[in-house]
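Q: Below are the structure tokens for one structure; questions will follow.
The values are calculated or read from the model by the stated rules, or taken from the named source; none is laboratory data. In this text the structure is predicted, and so the values were computed from the model without any measurement. Don't worry about glycine lacking a Cβ; one is built from the backbone with ideal geometry, like all the others, and counts go over all protein chains shown.
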Amino acid sequence: MDQKNKNSKKPVYSKFSQQELPAWKPILTPGWVIASYITIGALFIPIGLLAWTASDSVVEIVDRYDEACVPDDFSKNPQSYIQNPNIKKTCTRSIKVPKKLVAPIFVYYQLENFYQNHRRFVKSRSDKQLRDVKAENDTKFCLPVAYDYDNKPIVPCGLIAWSLFNDTYKISTRGKDISIEKKGIAWKSDAKAKFGSNVYPKNFQKDGLIGGATLDESIPLSEQEDLMVWMRTAALPTFRKLYGKINTDIEAHDTIKVEIQNNYNTYKFGGRKKLVLSTTTWIGGKNDFVGMAYISVGGICLFMAINFILLYVFRPRRLGDPSYLSWNRHPIT
Amino acid sequence: MNKKYDLVLVKTSQVQKPSTKAYDKGFNFDDARLMSGAWRNEPNPDMCKEFFRCLAICHTVLPEGDETPDKIRYQAASPDEAALVVAAKNFGFFFYRRTPTMVYVRESHAEKMGKVQDVTYEILNVLEFNSTRKRQSVVCRYKDGRLVLYCKGADSVVYERLGSGNDEIKKITRVHMEQYGEAGLRTLCLAYKDLSPDMYESWNEKFMQAKSCLRDREKKLDEVAELMETDLNLIGCTAIEDKLQDGVPACIETLFKAGLKIWVLTGDKLETAINIAYACKLINNDMKQFIISSETDEIREVENRGDQVEIAQFIKEKVKTELQKYQKEAQTILSGSSGQKLAFLIDGKCLMYALDPSLRSMLLSFCLNCSAVVCCRVSPLQKAQVTRLVRKGANKITLSIGDGANDVGMIQAANIGVGISGMEGMQAVMASDFAIAQFRFLTDLLLVHGRWSYLRLCKVVSYFFYKNLTFTLTQFWYTFQTGYSGQRFYDDWCQSLYNVIFTALPVVIVGLLDKDVSVALSKKYPQLYKEGIQNTFFNWKVVGILALFSLYQSIVVYNFAVASSTSGLTSTGKMLGHWDVSTMAFTCLVITVNLRLLMMCSTVTRWHVISIGGSVLLWFLFIFIYAIVFVNKGTFFTIYVLMSTIYFYLMVILVPICALLCDFIYQGFQRWLFPNDYQIVQEVHRHESDAVGVGLLDIGHQLSPEDEIRYAFAMLPKENSKHTGFAFDSPGYESFFASQQGVVAPQKAWDVVRRASMKPKDKKPQNSQH
């Protein structure tokens, strides 16, 4: 700035303040529209096909057993059956294998109509207590399952832990038992950081209402994988949890015998229990959704590309035709 | 022969033009026959001398500052007065001091060139200006005892009071004045009269009596003055150009095209107002003009009878019948196919009655049919009333623009007040919402910045609405899955920072920088402004469509994310929990919402890219840190868990594209089948790049002052109206009307004697404006 303009109040020029930044001015011209649709279509359909084939190659067996495992005498009143400790809860299911299950085979239990995402349920836990042995009194949010009758803190406290799933499965085929590996079913991060290796279950399921499974007090929480899986609460009222892993193949057309300890009371709230056996691929378990979504979106895009081509052919207008300006269409009178 | 007595002064009211010659402010006159003492060689130098003396003596101006021609500043009730004194100074009659009884003039008129002489004139009486008298006189005594009355005033009143004889000069002056009037100049007649001491003494007695009168003093003073101001000798006329600023006609034409209705509210009298309206291209000959004026013979006749009640009734009745008549005419013209436009002109006195509650609605509906409305001779109060009438009555958005203190009322009454900073003081600017330096900048203010601002506001508001609706709806859908327990879908920190960090900056950038068309195109296509007037970009339809898309997007984002939790998602068969799903949904949501903004932008600068990309990056940065810092949170490690699955990446690509597909389809169809005007303009100029620097207002100009005048004349309409403007028609004298409305008139600025005696010794002006 020269001397003369020292007192000038003219603002300092910058492209930003003067709104003259170089700018890309995208206009949705026919070329752009069609190119975008075709590009998306061309990319999405192959991805979709890949994902869909992967999902298709997954073998998944689902068996609902909650109703079938109630003896006929109790079918009117399953509650009296499940709550009676004197009745044996063992129940055997035989399942046909339609296709060869290639190891690793994952065993899940699936609960339905179980609101693990209910607000009161979700907050009824103490992450501090799970992690840190010194914080065992940190049971602020755990009510009503915070202290036992002797007013000692329950570890792990809270409704989530209290309602730990306690059905067990034993699988055999051709008369041979197949072992279900229970290690490595929880996310590593949970075992490492969220559940303490020096925190042991205490006063858990001791008195009052028993909710679900008991825990071995000699095993630290960081190794209680069933608990870790259970405590990673599900988003929806229908959810699966990993139960274990089978490391041997199961041939097609074999019949699997599953010996179920049917302990978990879902009859009270009309919940359903299912046993799921599933293999996985790179995309995970059976999941047609991704593939289908990709294929649909890609298909819609190609369809729209055709539509727009037709539109541009049958309703042509010259790009930037001034006669389309409103004041040219309806001249001011 | 009398040509040289006529004086054209250009009152440059706003902008001081840089020019090669040093001109005084307000003086822009150059005639070799008169300048630098050359008038002495003209055939009748005595008359010239009287003329200039009259200019130097007969006024109510106060000098200020050093008593040298360069440094002195004149304070006057109206800029016109000061302009005339400045003119006298330039002709060698330098008025430099005033005391309550004396006027000091440094005259360089004596026989020899260059001889300077300080002359004092004793001011015996000042016969003040008011809007009924339309003239002003001063009785002064020369050193040698000569008694003279100098008078200047509107041609109509001065001509009535001229003595007989000198018909030739009267005729020529009349012709000149008509010419000047046609050119839109404000004219004054100058006259003088030699008095004999006896005659003066006897008159002065009456004057003193009238002056000390307690009742009807004003009226009596007028009557006494009337006795004195007779048998005058005409010495010439002056013409002052109240210069329209640069580019006013072009600006008004542009605004007119932009669909604005322009009403002129002025203190000038009808003829002047018509001329200005012509000059501004507001009115042209194709228009049907409707005029309601109080300057008709009928009204004057009634007024002469003097019965106030009768006058009021008469004028009201008259206004009513004319309005009704005009409305009918207007209806027939508008329903006809001629497409003729209407112009309506009304003066302040009639407007006072037209604004009566019984006539108001008729006035308004009639005015709204007219493309141009001119209200002249209106008081500041009436300006505000008219503004309020349009704003409240017609429920329109009003913008008032003005530069004078008398515009303050209407500036405050309007939705948007714009003040022009300039010669007339700062009151208008202080009262305004926006201050600009020249009228023509209004084009930029409205068509460029106003339009952009509207566009940006629409985008920002609707985007805020959209992004929160989308966000909240995903949460809403989740409620159905949680047994209506109100469990949050997202982590509370994510939820809180959504508006603060993850979607905040891009919309600010759009609000700052988005422009659909460039500065030059905004002005080239003023019609684009209509999109704002019709509120094209923010109405129920726009919001409704946006809400529908928002609904769709939320469904896509929520359901796609949630669909993932039904089966294992890695080859190790592990399941995702609630917080994993919500983190994924939130990631998709942030990307979707930010990309949606990109789809709303007409221009994409690097700041758009930085802010949009930055927002998404910030989210990732946040969750990367957040997910390892808070072990106690449900979100602990979620993002890392997610990123270990291929599923996550597939979803992050799929969800935003699927969610935005509908918008994209809609935009494609909308643009092709029902294009907005701005979109067509974008297409027309799609290959042009914005020139850098054109956004700056072009303030400099190339014309020399002479060319300016010639140009201004050339721009004036070629109508032959037989009117002559009148130099004291300036707004400063309008308190008369205000007093009629029951508003106490401010202290009279031209009460010279009092002001002179009050004049402070220091140089600070005490009352630069009343």
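Q: For segment A:168-221, which residues satisfy the criterion of being out of contact with any strand residue (DSSP E or B) (no Cβ under 9 Å at 6 or more places or on another chain), over 29 Å from A:N84 (Cα atoms) and not basic (K, R)?
A: A:W187, A:S189, A:D190, A:A191, A:A193, A:F195, A:G196, A:S197, A:N198, A:P220
Q: Okay, next question. Which of the helices (runs of 4 or more DSSP H) found entirely inside segment B:273-355 contain at least 1 residues meeting this: of a type in the set (F, W, Y) and either in contact (Cβ under 8 Å) with a residue 24 or more places away in the chain or on the phi < 0 side of the Ramachandran plot (or both)?
A: Working: elements: B:297-305, B:308-335, B:348-354.
In segment B:273-355, B:308-335, B:348-354 are the helices (runs of 4 or more DSSP H) which contain 1 or more residues that are of a type in the set (F, W, Y) and either in contact (Cβ under 8 Å) with a residue 24 or more places away in the chain or on the phi < 0 side of the Ramachandran plot (or both).
Q: Tell me, which residue of segment B:481-494 that is assigned to a helix (DSSP H, G or I) and closer than 15 Å to B:A561 by Cβ is nearest to the other protein chains (Cβ to nearest Cβ)?
A: B:Q481
Q: Given (1) out of contact with any Pro (no Cβ under 8 Å at 6 or more places or on another chain); (2) surrounded by fewer than 21 Cβ atoms within 10 Å (Cβ to Cβ), identify the lone condition not met by B:A627.
A: (2)
Q: Hey, another quick one. Looking at A:K123, A:K99 in this structure, which one is away from every other protein chain (no Cβ under 14 Å) and either among the charged types (D, E, K, R) or more than 30 Å from B:S565 (Cα to Cα) (or both)?
A: Result: A:K99 is the single residue among A:K123, A:K99 that is away from every other protein chain (no Cβ under 14 Å) and either among the charged types (D, E, K, R) or more than 30 Å from B:S565 (Cα to Cα) (or both).
Q: Looking at the structure I just gave you, is A:P26 part of a loop (DSSP other than H, G, I, E, B), over 30 Å from the mean Cα position of the chain (by Cα), of a type outside the set (F, W, Y) and surrounded by 12 or more Cβ atoms within 10 Å (Cβ to Cβ)?
A: When the stated conditions are applied, A:P26 passes them.
Q: With respect to the numbered conditions (1) crowded, with 20+ Cβ neighbours inside 10 Å; (2) farther than 25 Å from B:G404 by Cβ, which one is the sole condition not fulfilled by B:M102?
A: (1)
Q: Now for a different question. So for segment B:33-56 (the condition being touching a Cys at 6+ places or on another chain (Cβ under 8 Å), modelled with pLDDT under 80, part of a loop (DSSP other than H, G, I, E, B) and over 24 Å from B:G153 (Cβ atoms)), does at least one residue qualify?
A: Looking for residues that are touching a Cys at 6+ places or on another chain (Cβ under 8 Å), modelled with pLDDT under 80, part of a loop (DSSP other than H, G, I, E, B) and over 24 Å from B:G153 (Cβ atoms), one finds at least one in segment B:33-56, hence yes.
Q: Let me ask something else about it. Step by step: first the residues of segment A:173-192, then only those that are over 23 Å from A:R93 (Cα atoms) and surrounded by fewer than 21 Cβ atoms within 10 Å (Cβ to Cβ), then the one that is nearest to the other protein chains (Cβ to nearest Cβ). Which residue is that?
A: Let us first name the residues in segment A:173-192 that are over 23 Å from A:R93 (Cα atoms), namely A:183-192.
Checking which are surrounded by fewer than 21 Cβ atoms within 10 Å (Cβ to Cβ) leaves us with A:183-184, A:188-189, A:191-192.
Numbers: A:K183: 12, A:G184: 7, A:K188: 9, A:S189: 4, A:A191: 11, A:K192: 9 Å.
Of everything passing the filter in segment A:173-192, A:S189 is nearest to the other protein chains (Cβ to nearest Cβ).
Q: Still on this structure, please answer the following. Whether any residue in segment A:13-25 is out of contact with any strand residue (DSSP E or B) (no Cβ under 9 Å at 6 or more places or on another chain) and among the small types (G, A, S) is what I want to check.
A: Yes, segment A:13-25 has at least one match.
Q: Step by step: first the residues of segment B:551-578, then only those that are part of a helix (DSSP H, G or I) and surrounded by 24 or more Cβ atoms within 10 Å (Cβ to Cβ), then the one that is nearest to the other protein chains (Cβ to nearest Cβ). Which residue is that?
A: B:H578
Q: For A:L227, work out the one condition from (1) in a loop (DSSP other than H, G, I, E, B); (2) out of contact with any strand residue (DSSP E or B) (no Cβ under 9 Å at 6 or more places or on another chain) it doesn't fulfil.
A: The one condition A:L227 does not meet is (1).
Quick grid of which residues meet (1) modelled with pLDDT of 85 or more; (2) touching a Phe, Trp or Tyr at 6+ places or on another chain (Cβ under 7 Å); (3) within 7 Å of chain B (Cβ to nearest Cβ):
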site	(1), (2), (3)
A:K4	no, no, no
A:K9	no, no, no
A:K25	yes, no, yes
A:P30	yes, yes, no
A:V33	yes, yes, yes
A:I38	yes, no, no
A:F44	yes, yes, no
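Q: Quickly run through segment A:274-333 and pick out the residues that are closer than 25 Å to B:P675 by Cβ, β-branched (V, I, T) and assigned to a loop (DSSP other than H, G, I, E, B).
A: Correct list: A:I332, A:T333.
Q: Say we look at segment A:194-211 and pick out the residues that are modelled with pLDDT under 90 and hydrophobic (A, V, I, L, M, F, W, C); which of these is nearest to the chain's Cα centre (by Cα)?
A: Once the filter is applied, the top-ranked residue is A:I210.
Q: OK, next. List the number of the failed condition for B:L621; all other conditions in (1) surrounded by fewer than 17 Cβ atoms within 10 Å (Cβ to Cβ); (2) within 10 Å of another protein chain (Cβ to nearest Cβ); (3) at pLDDT 90 or above hold.
A: Only one criterion in (1) surrounded by fewer than 17 Cβ atoms within 10 Å (Cβ to Cβ); (2) within 10 Å of another protein chain (Cβ to nearest Cβ); (3) at pLDDT 90 or above is unmet by B:L621, namely (2).
Q: Out of everything in segment B:632-687 that is charged (D, E, K, R) and touching a residue at least 60 places away in the same chain (Cβ under 8 Å), what residue ends up being surrounded by the fewest Cβ atoms within 10 Å (Cβ to Cβ)?
A: Result: B:K633.
Q: Yes or no: segment B:394-408 includes at least one residue that is polar (S, T, N, Q), over 30 Å from B:R300 (Cβ atoms), part of a loop (DSSP other than H, G, I, E, B) and touching a residue at least 40 places away in the same chain (Cβ under 8 Å). Please lay out each step first, then the result.
A: As a first pass, look at segment B:394-408 and keep what is polar (S, T, N, Q): B:395, B:398, B:400, B:406.
Narrowing the set further to residues that are over 30 Å from B:R300 (Cβ atoms) leaves B:395, B:398, B:400.
Of the ones still in play, those that are also part of a loop (DSSP other than H, G, I, E, B) are B:395, B:398.
Restricting the remaining residues to those that are touching a residue at least 40 places away in the same chain (Cβ under 8 Å) gives none.
No, because not a single residue in segment B:394-408 is polar (S, T, N, Q), over 30 Å from B:R300 (Cβ atoms), part of a loop (DSSP other than H, G, I, E, B) and touching a residue at least 40 places away in the same chain (Cβ under 8 Å).
Q: Surrounded by fewer than 16 Cβ atoms within 10 Å (Cβ to Cβ) and either in a strand (DSSP E or B) or not basic (K, R) (or both): which single residue out of A:Q129, A:Q79, A:Q110 fits that description?
A: Numbers: A:Q129 fails: surrounded by fewer than 16 Cβ atoms within 10 Å (Cβ to Cβ); A:Q110 fails: surrounded by fewer than 16 Cβ atoms within 10 Å (Cβ to Cβ).
Answer to the check: A:Q79.
Q: When only residues in segment A:254-264 that are in a loop (DSSP other than H, G, I, E, B) and in contact with a strand residue (DSSP E or B) (Cβ under 7 Å, 6 or more places away or on another chain) count, which is nearest to the other protein chains (Cβ to nearest Cβ)?
A: Just the residues of segment A:254-264 that are in a loop (DSSP other than H, G, I, E, B), to begin with: A:254, A:262-264.
Next, from what is left, pick out any that are in contact with a strand residue (DSSP E or B) (Cβ under 7 Å, 6 or more places away or on another chain): A:254, A:262, A:264.
Working: A:D254: 21, A:N262: 22, A:Y264: 18 Å.
Among residues in segment A:254-264 that are in a loop (DSSP other than H, G, I, E, B) and in contact with a strand residue (DSSP E or B) (Cβ under 7 Å, 6 or more places away or on another chain), the one nearest to the other protein chains (Cβ to nearest Cβ) is A:Y264.
Q: Then there is this: Given (1) in contact with a Pro (Cβ under 9 Å, 6 or more places away or on another chain); (2) within 11 Å of chain B (Cβ to nearest Cβ); (3) of a type in the set (F, W, Y), identify the lone condition not met by A:Y267.
A: Of everything listed in (1) in contact with a Pro (Cβ under 9 Å, 6 or more places away or on another chain); (2) within 11 Å of chain B (Cβ to nearest Cβ); (3) of a type in the set (F, W, Y), A:Y267 misses just condition (2).
Q: Name the residues in segment A:134-154 that are out of contact with any Lys or Arg (no Cβ under 6 Å at 6 or more places or on another chain) and crowded, with 16+ Cβ neighbours inside 10 Å, would you?
A: Selection gives A:E136, A:T139, A:C142, A:V145, A:A146, A:Y147, A:P153, A:I154.
Q: Tell me which of these A:I61 doesn't satisfy, since it passes every other one: (1) part of a helix (DSSP H, G or I); (2) more than 12 Å from chain B (Cβ to nearest Cβ); (3) surrounded by 14 or more Cβ atoms within 10 Å (Cβ to Cβ).
A: Exception for A:I61: condition (1).
Q: Going through segment A:160-172 one residue at a time, which ones are surrounded by fewer than 19 Cβ atoms within 10 Å (Cβ to Cβ) and over 25 Å from the mean Cα position of the chain (by Cα)?
A: A:K170, A:S172
Q: Going by the conditions given, is B:V616 closer than 22 Å to B:L513 by Cβ and either more than 10 Å from every other protein chain (Cβ to nearest Cβ) or among the acidic types (D, E) (or both)?
A: The answer is yes for B:V616.
Q: Can you tell me how many residues within segment B:630-660 are more than 7 Å from chain A (Cβ to nearest Cβ) and either within 59 Å of the chain's Cα centre (by Cα) or within 28 Å of B:C601 (Cβ to Cβ) (or both)?
A: Matching residues across segment B:630-660 total 11.
Q: With respect to the numbered conditions (1) in contact with a Gly (Cβ under 8 Å, 6 or more places away or on another chain); (2) more than 12 Å from chain B (Cβ to nearest Cβ); (3) surrounded by fewer than 17 Cβ atoms within 10 Å (Cβ to Cβ), which one is the sole condition not fulfilled by A:M292?
A: Tallying (1) in contact with a Gly (Cβ under 8 Å, 6 or more places away or on another chain); (2) more than 12 Å from chain B (Cβ to nearest Cβ); (3) surrounded by fewer than 17 Cβ atoms within 10 Å (Cβ to Cβ), A:M292 fails exactly one: (2).
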